[in-house]
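**Student:** Have a look at the structure that comes next, please.
Just so you know, all these numbers are worked out from the coordinates, no wet-lab data involved. Computed from a predicted model, the values in this text were never measured in an experiment. Don't worry about glycine lacking a Cβ; one is built from the backbone with ideal geometry, like all the others, and counts go over all protein chains shown.
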Amino acid sequence: MSKICDLTGKKSIVGNSVSFSNAKTKRRFNPNLQKKKYFLPETGEWITLKVSTSAMRTINKKGITKAISDALKKDKF
């Protein structure tokens, strides 16, 4: 299961975990992904997307069809 947002294309990034002694070890920063079902009123069907919480806020603001069309224009879908 890949950790990539279906709408925004957010994915894991790599950084350092820094201890009190300033020793650095590699770690991953994963996006906050959630599985969510959305209803498309144009087609009358449900779709399941794996989206980040910031993408969920965008969907709440713009609507699912506008968010998907914007993602398709950016080739992130």
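**Student:** Would you calculate a helix-derived [θ] at 222 nm for the chain, using -39,500 (n - 2.57) for each DSSP H run of n ≥ 4 and dividing by the full residue count, to the nearest 500?
**Tutor:** When only DSSP H runs of four or more count, the value is -7500 deg cm²/dmol.
**Student:** For region 1-59, which chymotrypsin sites (Phe, Trp or Tyr not before Pro) are both in a DSSP coil and crowded by at most 15 other Cβ atoms within 10 Å?
**Tutor:** Here the sparse-neighbourhood loop sites are 20.
**Student:** Students often forget the sequence filter, so: which aspartates and glutamates lie under 15 Å Cα-Cα from residue 66 once same-chain residues fewer than 8 apart are removed?
**Tutor:** 6, 42, 75
**Student:** Over the chain, with a Gaussian network built from C-alpha contacts below 10 Å, which listed residue (55, 23, 67) shows the highest mean-square fluctuation?
**Tutor:** Looking only at 55, 23, 67, the largest GNM fluctuation is found for 23.
**Student:** Which parts of region 6-20 would a label at residue 57 reach, counting a residue when its backbone N lies under 20 Å from a point 7 Å out along Cα-to-Cβ?
**Tutor:** Under cut-off, by backbone N: 6-13.
**Student:** Would you mind checking the tilt of helix 64-73 against the longest principal axis of the Cα atoms of the chain, expressed as 0 to 90 degrees and rounded to 10?
**Tutor:** 70
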